[in-house]
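What follows is a short report on a single structure.
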Amino acid sequence: MRTMVQDLLKTISALQNTAIGNCRKRIEDAAAKTKKILGSDPQDADAQRRCEKPSRGVTSVLKGKHGL
């Protein structure tokens, strides 16, 4: 019984680590994509400077900029 519990805990831990790793990868991919988009247009230089230290939260900035 004890080994079964340990096996389940190991499985749960492995699933958590995999999920966290997948989330980090998606976040890094999205950040890289955003950098490409912002870096491709000279008019976005002002937007990039504004986005570096927003006075509002990320969600508010996205809502205002993209209507999300």
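Some values worked out for this structure:
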item: Any pair with Cβ under 8 angstrom, 6 or more apart, that starts in region 25-39 at a residue that is within 15 Å of His66 (Cα to Cα) and ends at one that is among the polar types (S, T, N, Q) and surrounded by 10 or more Cβ atoms within 10 Å (Cβ to Cβ); result: Leu38/Gln48
item: Filter pass, Arg24 being modelled with pLDDT under 75, surrounded by 10 or more Cβ atoms within 10 Å (Cβ to Cβ) and out of contact with any Gly (no Cβ under 8 Å at 6 or more places or on another chain); result: no
item: Check on Ala14, among the hydrophobic types (A, V, I, L, M, F, W, C) and at pLDDT 85 or above; result: yes
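The values are calculated or read from the model by the stated rules, or taken from the named source; none is laboratory data. No experiment lies behind these values; they were computed from the predicted model shown. Glycine also receives a Cβ, built like all others from the backbone with ideal geometry; neighbour counts cover every protein chain displayed.
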